[in-house]
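The values are calculated or read from the model by the stated rules, or taken from the named source; none is laboratory data. All figures in this text were calculated on a predicted structure; none of them were measured in a lab. A quick note on method: Cβ atoms are made from the backbone with ideal geometry, for glycine too, and the neighbour counts reach across all protein chains shown.
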Amino acid sequence: MLEREGLVACIIDLNASSSEEGSLFSLEIEPDSSHILLWNGTKLYWTSGVWDGKVFSFVTEIALDYYIKNLTYVSNENESYFTYEAGFPTFFTRFVLDVTGQLKQYVWGKDFPQWSLFWTRPSPQCEVYNFCGSFSSCNQNVPICACIEGFRPYNPAAWQLGDHSDGCVRETPLQCDPNRGDESNDTFVVVENTQFPGNSEGLVSGNVEECQVACLRNCSCTAYAYDNGCLIWKNALFNLRQFQSSDGSGRDIHVRVAGSNVVVTGTNKPKTKKKTKWIVLGATGVFFTLSGIILAIMRKRSKRGSISFAFYAFLLQLLGLDVEYISKYIVRIF
């Protein structure tokens, strides 16, 4: 990419017809970044993920440093580009962008009498940029796209037909109050075992609780994760990929939802609700136990005439019962 002239050099699939709108795939380096972007016409189709100096986050095969080595990102005031060296003098490698929009690396040489595929991207549909739209998770199961809990399809008709590009919207608007912090009416649902979306922001935070509060105090924050540090995401959430349960390489992300819309476990607010639930159940159990004991005593001692009706009424009042309402049932015991 030529910086000074503002020009962008692209790899283009020459087999695609430029007259077919949206069918011309192209590959370029993102301006002011080291991402590699794959476009379908004017629509972003796939991204390589962040370059960390050794590997792209979504093309981990490069870390093998086998068929190519010393992959280097060069950026100066004039241009930005990548360079690499052949891994072995007896091997050749080439990169191809085909008519289906797939970027492929082929190798040829010893043990490979013809060009052989080493890797291809995007491979599963979940690697296609924004395949499931906003606030939806993508996995290789059926259905492939699913709205996050607390969200619903923006276009239900298209969603049913398999077009998920419009994504999902909130069932209930957020009740953001940055001054309330962890006392906010908003809460979080946990999406487990995921590949984090891009465009996260790092925050200084000592633990997961502080990370959660930091997100609640920012009305633009829609998700957070604590993975050796605090990460937050702002505004709409795209490209959330969920791995199979047998694949333990993913990490958990907490997506913000209205507290009145869903009750979950795993955060401070849901724990309080869960605790309240058990308190209510416990109190109810005690109530019925005491009621049973009192009624048993009433049946036994009423035969002896040793306890008056007034005493029974007093015991029932201690339990918070309406004595007047149930007096007719008490009278039957005597």
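Kindly indicate whether Phe118 is of a type outside the set (Gly, Ala, Ser) and touching a helix residue (DSSP H, G or I) at 6+ places or on another chain (Cβ under 8 Å). Criteria met by Phe118.
For segment 155-173, which positions are under 19 Å from the mean Cα position of the chain (by Cα) and surrounded by fewer than 13 Cβ atoms within 10 Å (Cβ to Cβ)? Pro173, the sole residue that qualifies.
Tallying residues that are at pLDDT below 85 and buried (at least 16 other Cβ atoms within 10 Å of the Cβ) within segment 62-75 yields 3. If Cys221 meets every condition in (1) closer than 22 Å to Thr47 by Cα; (2) touching a helix residue (DSSP H, G or I) at 6+ places or on another chain (Cβ under 8 Å) apart from one, which number is that one? Condition (1) is where Cys221 drops out.
Here is a yes/no grid of residues against (1) crowded, with 20+ Cβ neighbours inside 10 Å; (2) over 18 Å from Phe58 (Cβ atoms); (3) in contact (Cβ under 8 Å) with a residue 24 or more places away in the chain:
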{"position": "Phe88", "(1), (2), (3)": "no, yes, no"}
{"position": "Arg94", "(1), (2), (3)": "no, yes, no"}
{"position": "Leu103", "(1), (2), (3)": "yes, no, yes"}
{"position": "Cys126", "(1), (2), (3)": "yes, no, yes"}
{"position": "Tyr129", "(1), (2), (3)": "no, no, yes"}
{"position": "Ser134", "(1), (2), (3)": "yes, yes, yes"}
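For residues that are acidic (Asp, Glu) and either outside any strand (DSSP E or B) or at positive phi (or both), tally how many sit in segment 65-119. Before you say what the answer is, go through the steps one by one.
Residues of segment 65-119 that are acidic (Asp, Glu), as a first pass: 65, 77, 79, 85, 98, 111.
The next check asks that each one be either outside any strand (DSSP E or B) or at positive phi (or both); those that pass are 65, 77, 98, 111.
Within segment 65-119, residues that are acidic (Asp, Glu) and either outside any strand (DSSP E or B) or at positive phi (or both) number 4.
Inside segment 139-190, can you point out the residues that are assigned to a strand (DSSP E or B) and not aromatic (Phe, Trp, Tyr)? Outline the logic, then answer.
As a first pass, look at segment 139-190 and keep what is assigned to a strand (DSSP E or B): 145-147, 151-153, 168-170, 186-190.
Matches in segment 139-190: Cys145, Ala146, Cys147, Arg152, Pro153, Cys168, Val169, Arg170, Asp186, Thr187, Val189, Val190.
Against the definition (among the hydrophobic types (A, V, I, L, M, F, W, C), under 18 Å from His35 (Cα atoms) and in contact with a helix residue (DSSP H, G or I) (Cβ under 7 Å, 6 or more places away or on another chain)), how does Val59 come out, yes or no? It is false that Val59 is among the hydrophobic types (A, V, I, L, M, F, W, C), under 18 Å from His35 (Cα atoms) and in contact with a helix residue (DSSP H, G or I) (Cβ under 7 Å, 6 or more places away or on another chain).
Quick grid of which residues meet (1) farther than 19 Å from Gln195 by Cβ; (2) within 16 Å of the chain's Cα centre (by Cα):
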| residue | (1), (2) |
| --- | --- |
| Trp119 | no, no |
| Val128 | no, no |
| Ile144 | no, yes |
| Gln175 | yes, no |
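Against the test of being free of Cβ contacts under 8 Å to residues at least 60 places away in the same chain and surrounded by fewer than 15 Cβ atoms within 10 Å (Cβ to Cβ), the options Val213, Val204, Val208 yield a single qualifying residue, Val204. For first residues located in segment 61-84 and closer than 16 Å to Thr120 by Cα and in the same structural domain as Trp108 (by TED's automatic domain parsing), partners that are acidic (Asp, Glu) and part of a strand (DSSP E or B) and lie 6+ apart or on another chain with Cβ distances below 7 Å form the pairs Ile68/Glu85.
Of Asn199, Asn179, Asn185, which residue is surrounded by fewer than 17 Cβ atoms within 10 Å (Cβ to Cβ), at pLDDT below 90 and under 16 Å from the mean Cα position of the chain (by Cα)? The conditions single out Asn199.
Within segment 121-138, how many residues turn out to be part of a strand (DSSP E or B) and either in the same structural domain as Ile36 (by TED's automatic domain parsing) or among the charged types (D, E, K, R) (or both)?
Quick first cut of segment 121-138, residues part of a strand (DSSP E or B) only: 121, 136-138.
Remaining after also requiring either in the same structural domain as Ile36 (by TED's automatic domain parsing) or among the charged types (D, E, K, R) (or both): 121.
Count: 1.
Does Cys219 meet the test of being closer than 17 Å to Val257 by Cβ and either without any contact (Cβ under 8 Å) to a residue 60 or more places away in the chain or buried (at least 17 other Cβ atoms within 10 Å of the Cβ) (or both)?
Numbers: closer than 17 Å to Val257 by Cβ: yes; either without any contact (Cβ under 8 Å) to a residue 60 or more places away in the chain or buried (at least 17 other Cβ atoms within 10 Å of the Cβ) (or both): yes.
Judged against the criteria, Cys219 is a match.
If the condition is being closer than 24 Å to Lys69 by Cα, modelled with pLDDT of 80 or more and not in a strand (DSSP E or B), then segment 1-55 contributes Glu30, His35, Ser48, Gly49, Val50, Asp52, Gly53, Lys54, Val55.
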